[in-house]
1. Hey, does the stretch A:28-47 have a residue that's touching a Ser or Thr at 6+ places or on another chain (Cβ under 7 Å) and part of a strand (DSSP E or B)?
2. Is it the case that the stretch A:2-19 has a residue that's open to solvent by 10 Å² or more (accessible area, probe 1.4 Å), in contact with a Lys or Arg (Cβ under 7 Å, 6 or more places away or on another chain) and in contact (Cβ under 8 Å) with a residue 24 or more places away in the chain?
3. Any idea which of (1) on the phi > 0 side of the Ramachandran plot; (2) in contact with a Ser or Thr (Cβ under 9 Å, 6 or more places away or on another chain) is the one residue A:65 doesn't satisfy?
4. Kindly indicate whether any position in the stretch A:40-49 is more than 13 Å from every other protein chain (Cβ to nearest Cβ) and on the phi < 0 side of the Ramachandran plot.
5. Report the residue count in the stretch A:106-162 for those that are among the small types (Gly, Ala, Ser) and at pLDDT 95 or above.
6. Have a look at A:72, A:76 and point out the one that is over 28 Å from residue A:21 (Cα atoms), outside any helix (DSSP H, G or I) and open to solvent by 10 Å² or more (accessible area, probe 1.4 Å).
7. Go through the stretch A:58-69 and give me each residue that's open to solvent by less than 10 Å² (accessible area, probe 1.4 Å) and either under 20 Å from residue A:48 (Cβ atoms) or assigned to a loop (DSSP other than H, G, I, E, B) (or both).
8. Anything in the stretch B:45-56 that is touching a residue at least 24 places away in the same chain (Cβ under 8 Å) and touching a strand residue (DSSP E or B) at 6+ places or on another chain (Cβ under 9 Å)? List them, or say none.
2 protein chains.
Amino acid sequence: MNLDLLTRAAALLDTYKAKGWMIATAESCTGGLVAGLLTEIAGSSAVVERGFVTYSNEAKSELVGVPATLIAEHGAVSEPVARAMAEGALARSRAHAAVAITGVAGPGGSTEAKPVGLVWFALAVRDRPTVAVERRFGELGRGRVREHSVEQAVALLEEAVA
Amino acid sequence: MNLDLLTRAAALLDTYKAKGWMIATAESCTGGLVAGLLTEIAGSSAVVERGFVTYSNEAKSELVGVPATLIAEHGAVSEPVARAMAEGALARSRAHAAVAITGVAGPGGSTEAKPVGLVWFALAVRDRPTVAVERRFGELGRGRVREHSVEQAVALLEEAVA
């Protein structure tokens with residue numbers, strides 16, 4: 001595990017714990033790594049409520065309620081789907097904040113409009129408007145795209161309580 | 001990521017793909033790391049169907065249908081709960097095999113009967129009896145207990161197609 005990210009995760013969990021807030025995750029291209037990072041911290045069960053690894057499109061619809069029509073219209077890697085994943089994870093958990101990640105980690109799965117390294121993030125927080133962030137990491141290789149994606153997800157969770 | 005485990009994960013996914021089988025995960029103490037490992041492999045979307053990070057007891061009940069009474073009677077770290085997690089993940093996915101992990105990663109959360117390092121695993125495969133495995137890794141530290149747990153989960157998925 002990345003030590004800098006572990007340190008940030010530990011501080012993040014302290015802040016959430018102090019507020020009495022819990023976190024949910026909805027992960028596609030990171031495949032569980034954000035939840036895996038947060039739960040590396042001892043005592044994380046006070047903050048990490050649940051995670052959804054919505055790798056298939058069916059999982060996105062069935063687990064966090066992303067309308068199949070939204071995926072058909074915009075593609076799984078898109079702002080509307082990222083927003084729906086985050087809002088669905090928030091609604092289907094006891095969490096106060098939910099982060100969602102959907103992207104093209106590569107090397108396959110890219111199109112001209114959606115190149116390798118394109119990742120959409122969304123953060124849903126109770127009683128606040130959902131925010132979405134697009135990142136284009138480029139063709140760094142699958143592992144590094146995923147690592148950068150975990151870091152961006154942590155940054156969103158940090159901003160929510162900053 | 002552990003290179004040996006990555007190599008094993010890649011071979012595992014090849015085997016599942018050749019059989020047309022998909023995988024689901026239900027993770028408690030590993031918090032998404034098993035799904036995170038499997039999805040590190042390019043092309044894993046053909047095999048990894050979905051994952052449930054059932055960190056809280058409520059998540060175990062709501063996401064994969066573990067009866068709350070089972071948790072109350074046996075504790076979240078127990079053979080019956082591991083079995084119910086695996087069978088619930090199988091039933092609530094399109095997967096052919098589902099692996100479940102629930103354990104005491106530590107440093108907190110242990111009791112005399114359930115020491116740090118105790119982890120229960122279960123593997124549910126369509127049309128086969130579910131198998132469960134108990135491991136006692138000892139007080140290796142949270143990170144290493146989780147790493148060993150990921151390896152044991154991979155071993156169970158390997159055995160299912162051996």
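1. Within the stretch A:28-47, not a single residue is touching a Ser or Thr at 6+ places or on another chain (Cβ under 7 Å) and part of a strand (DSSP E or B).
2. No; the residues of the stretch A:2-19 include none that is open to solvent by 10 Å² or more (accessible area, probe 1.4 Å), in contact with a Lys or Arg (Cβ under 7 Å, 6 or more places away or on another chain) and in contact (Cβ under 8 Å) with a residue 24 or more places away in the chain.
3. For residue A:65, the failing item is (2).
4. No; the residues of the stretch A:40-49 include none that is more than 13 Å from every other protein chain (Cβ to nearest Cβ) and on the phi < 0 side of the Ramachandran plot.
5. Kept after step one, since they are among the small types (Gly, Ala, Ser), are these residues of the stretch A:106-162: A:106, A:108-110, A:113, A:117, A:122, A:124, A:132, A:138, A:141, A:143, A:149, A:153, A:155, A:160, A:162.
Filter again for at pLDDT 95 or above, leaving A:117, A:122, A:124, A:132, A:138, A:141, A:143, A:149, A:153, A:155, A:160.
Qualifying residue count, the stretch A:106-162: 11.
6. Values: A:72 fails: outside any helix (DSSP H, G or I).
Only one candidate passes the filter, namely A:76.
7. Step one: of the stretch A:58-69, the residues open to solvent by less than 10 Å² (accessible area, probe 1.4 Å) are A:59-60, A:64, A:66.
Residues satisfying the conditions are A:59, A:64, A:66.
8. The initial filter retains those residues of the stretch B:45-56 that are touching a residue at least 24 places away in the same chain (Cβ under 8 Å), namely B:46-55.
Matches in the stretch B:45-56: B:47, B:48, B:49, B:50, B:51, B:52, B:53, B:54, B:55.
The values are calculated or read from the model by the stated rules, or taken from the named source; none is laboratory data. Since we're looking at a predicted model, the values are computed, not measured. Note that we place each Cβ from the backbone using ideal geometry, even for glycine, and neighbour counts take in every protein chain shown. Quick note on the areas: whole protein, heavy atoms, side chains included, nothing else; ligands and nucleic acids left out. Shrake-Rupley method; radii C 1.70, N 1.55, O 1.52, S 1.80 Å.
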